[in-house]
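What follows is calculated from the coordinates using simple rules that are stated; it is not laboratory data. It should be emphasised that the depicted structure is a prediction, and the values quoted were computed from it without experimental measurement. Heads up, the Cβs are rebuilt from the backbone with ideal geometry, glycines too, and the neighbour counts pull from every protein chain shown.
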There are 2 protein chains.
Amino acid sequence: MIPSFQLIKGGVTTPAGFKAAAHRAGIKADAPDMALLVSDVDAAVAGTFTTNAFRAPPVRLSAENLGTGSGRAVIINSGCANACTGEQGLAAAQCMLAETAAALGVPENQVFVCSTGEIGTQLPMDRVRAGIGELAAGLDPDGGDAAARAIMTTDAFDKQRAVRLSVDGREVTIGGMAKGAGMIHPNMATMIAVLTTDAAVNPAALQTCFSDAVERSFNRVTVDGDTSTNDTALIFAGGQAGNQPLSEAHADWEAFTHALHAVMLELALDMVRDGEGASRIVTIDVEGAASELDAARAAKAIGTSLLVKTAWAGALPIWGRVLAAIGTSGAAFDDEAVDLWYDDIQLVAGGVGVPGLDREAVRGVVLQDAFNLRVELNAGAAAYRMYASDCTEAYVKFNSEYLS
Amino acid sequence: MIPSFQLIKGGVTTPAGFKAAAHRAGIKADAPDMALLVSDVDAAVAGTFTTNAFRAPPVRLSAENLGTGSGRAVIINSGCANACTGEQGLAAAQCMLAETAAALGVPENQVFVCSTGEIGTQLPMDRVRAGIGELAAGLDPDGGDAAARAIMTTDAFDKQRAVRLSVDGREVTIGGMAKGAGMIHPNMATMIAVLTTDAAVNPAALQTCFSDAVERSFNRVTVDGDTSTNDTALIFAGGQAGNQPLSEAHADWEAFTHALHAVMLELALDMVRDGEGASRIVTIDVEGAASELDAARAAKAIGTSLLVKTAWAGALPIWGRVLAAIGTSGAAFDDEAVDLWYDDIQLVAGGVGVPGLDREAVRGVVLQDAFNLRVELNAGAAAYRMYASDCTEAYVKFNSEYLS
């Protein structure tokens, strides 16, 4: 059986019709801190943004421009989130849009802007303005790598993924880059993700499938339960592949949405793997719930419990903290009907510890880089999956020292 | 002006009419692990219990006996929570009640039972049964100290407080002991608190003022956001002081409720001060909220944010994480109207950082053992206060190694 898509090495400039550039403007002390991604043609654009009440100015402007359903470019800086910066911050974000539009010769409402880094400080606009000129002059069809590195903040490594599939018998590519390591939590974390594709996609259909893929990828990962002010995910679909525009009615729609979800899930998992000191990634499956909301509540309670996450960090062969987390989640279930597995080892049956549990075997499961935690609530047929990191001393040390 | 009450050194046997004992039964490896507290006479009893769906068997039985509104004794063990232990665990808790009642010659429904420690293991009932006999034989009017030490699990120090006041011109004493350090969070944490008083109190009024005092003390502290399976708070009012029974109509009712709240708040703060590696305690005041629920949501979001708590641990002079936490709390407010202070230093005005902030001065505030974080939402007149610990590397190390 031929897979309907194939993960490949690549990033935002792997699909045909996209150029990118990176620049070191001096916003951060010691690394590239600006990136520009441009589509050769007007692209269909979809996006999702943070739900935090403190929406940073760049998020507000990008959300506004998303109303057009199309776009040509996104300008990104790291090192300064331009959040909680008032009128001055809003003017700075507007300036970034205007300068980028002017440098590219495109309308302002076809440009998107993202900022990530320290909250509450103002952008050094002279450097940013000069940087935009450099970026526009340096656009490169192989610039995706450099762009992916320039958007990093606390990330230990750059996050790039791509996938290839066939639409109308033509080769279609989806590429993406993301940043984010801490402040990672459902409902968009301190993350920026930009996806590109050379597929032609109907704008409304693009928003539908992108929102759905965000919900099942970026919104399913948790590092520390904190949600930032700047989360933005965008996708540009340029159409260079020459396929019939994709929408729900297209024969290859399902293949496209599956491929899109796959590449976004890989980017999301990269963020958990990074996770500021995280040593392992746990896939949490809550099954047999009365509703998906109940399953989600239980999964999130497990994935955000500090006691559970420190137990994973220490590879402790214990399960009481997991049950205590489920018990406070608000999910409906019978406490004498809950089962729990770590990979293939059952720890709890009917709400009670399995007699003769092999603690060393459990420790072996937890010691892996990744394992599966499965809860069966025996209360219905709904399920929910999410991905969580553990919480190590290194995480605390890192976030006790990082000034943002 | 004479204060209406006075905090004094003391514990559960400081009020007249109570005896206690401690015993080392061998449930824990190396320390006393059983305690018994007995009232000389039938006492009015009030209590509150965990809201966790996994209610441990001792919690279920104690909640049932609370229905009588009166009681004579509470039997407590540490080292084993007797939670998630099924039918065998329920039988064990029933046995503890029955054996204690028999040893004291009182009805079973006048006895309460508490267990704290590792979840999912069974009590060694031969040792527990023998221990009950030893405890009953060793009851001592000065036994409060030993009892307070015997209920400790991960606690670094024992927690005992007492307060003295005047009711009907007679001297009344309220004393208490508590245990709890980690898994501490609103809605009763992994804590046991037992209060005693020689005041005569109407049982219904006692439950009302005790529930209210729990809400404003134990339910306002958070260490790690986890809520345990075994939380129990009880108060015994024996009446030896000879006052007219206290109720809402009594002239000294307010003095009594204030004194009760004061002694319980001190016990609650002792738990935060302990807090498994905590280095400081932060009083969080959210003011100017549209409703108390909004204020509580914002306060809890701040007090449970891992990024905020690690920033406190590192004495970081930053405020973006605090605003990000408020922004995801669900509280209603205008993001351009929020003010923030650390003690007397204003960090944020109108949702924007105060220009020229003296970061070293902020660091000096955070470096204290305790400081006040005040948020003004400028959205109404409601307020909420809670108390949170920071999150240190020591906390993570501790909970990565402790097997429960």
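Tabulated data
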item: DSSP-defined beta bridges in the protein assembly as shown - what % are antiparallel, rounded to 5; result: 70
item: Under 9 Å, Cβ to Cβ, from residue B:373 - net charge with Lys/Arg +1 and Asp/Glu -1; result: -1
item: Over segment A:5-274, relative contact order from alpha-carbon pairs under 8 Å, at least 6 apart, %; result: 27
item: Exercise: per-residue mean of other protein chain Cβ atoms within 10 Å, B:386-396; result: 4
item: Highest-fluctuation residue, B:93, B:382, B:233 considered, GNM on chain B with Cα pairs under 10 Å; result: B:382
item: Label geometry 7 Å along the beta-carbon vector: residue A:24 inter-copy distances in nm; result: 6.4
item: Under the Karplus curve 6.51 cos²θ - 1.76 cosθ + 1.60, θ = phi - 60°, whole-Hz ³J(HN,Hα) for segment B:198-207, x wherever Gly or Pro sits; result: 8, 5, 8, 9, 4, x, 5, 5, 4, 5
item: Most fluctuating residue given options B:254, B:287, B:360, as computed from a GNM of chain B linking Cα atoms under 10 Å; result: B:360
item: Counting DSSP beta bridges with both ends in segment B:281-399, the antiparallel % (nearest 5); result: 70
item: 10 Å Cβ neighbours from other chains, averaged over peptide B:302-310; result: 6
item: Per-residue HN-Hα couplings for segment B:324-332 [Karplus 6.51, -1.76, 1.60; θ = phi - 60°; Hz; x = Gly/Pro]; result: 4, 5, 4, x, 9, 6, x, 5, 8
item: Peptide A:348-355 - average C-beta neighbours from other chains (10 Å radius); result: 4
item: C-alpha center-to-center spacing [segment A:305-365, segment B:299-313] in angstrom; result: 26
item: Amide H contacts of residue B:82 (H built 1.01 Å from N, under 5 Å, at least 5 apart or other chain); result: B:120, B:121
item: Listed residue pairs exceeding 30 Å between alpha carbons, taken from A:300/A:397; A:397/B:300; B:19/B:300; B:159/B:300; A:159/A:397; A:28/B:397; result: B:19/B:300; A:28/B:397
item: Nonlocal amide H pairs with residue A:5, under 5 Å, H built at 1.01 Å; result: none
item: Nm distances between copies for residue B:242, ranked from closest, using label points 7 Å along Cα→Cβ; result: 10.5
item: Formal net charge of residues neighbouring residue A:47 (Cβ-Cβ distance under 12 Å; K, R +1; D, E -1); result: -2
item: Hz values of 3J(HN,Hα) by residue in segment B:253-265 - Karplus curve (6.51, -1.76, 1.60), Gly and Pro given as x; result: 4, 5, 4, 5, 5, 5, 5, 4, 4, 4, 5, 6, 5
item: Antiparallel content of DSSP bridges confined to segment A:43-174, in %, to 5; result: 45
item: Cβ-based net charge around residue B:94, under 12 Å, with every Lys or Arg adding one and every Asp or Glu removing one; result: -3
item: Pairwise centroid distance, computed over Cα atoms, of segment B:129-183 with segment A:12-69, Å; result: 61
item: Listed residue (A:17, A:86, A:45) projecting farthest to the positive dipole end of segment A:5-274, Cβ model; result: A:86
item: Nm distances between copies for residue B:290, ranked from closest, using label points 7 Å along Cα→Cβ; result: 2.9
item: Percentage relative contact order, segment B:281-399, counting C-alpha pairs under 8 Å, at least six apart; result: 47
item: Point-charge dipole on Cβ atoms (K/R +1, D/E -1) for chain B, about Cα centre, debye to 20; result: 560
item: Sequence-separation-based contact order of segment A:108-217, relative, with Cα cut under 8 Å and 6+ spacing, percent; result: 18
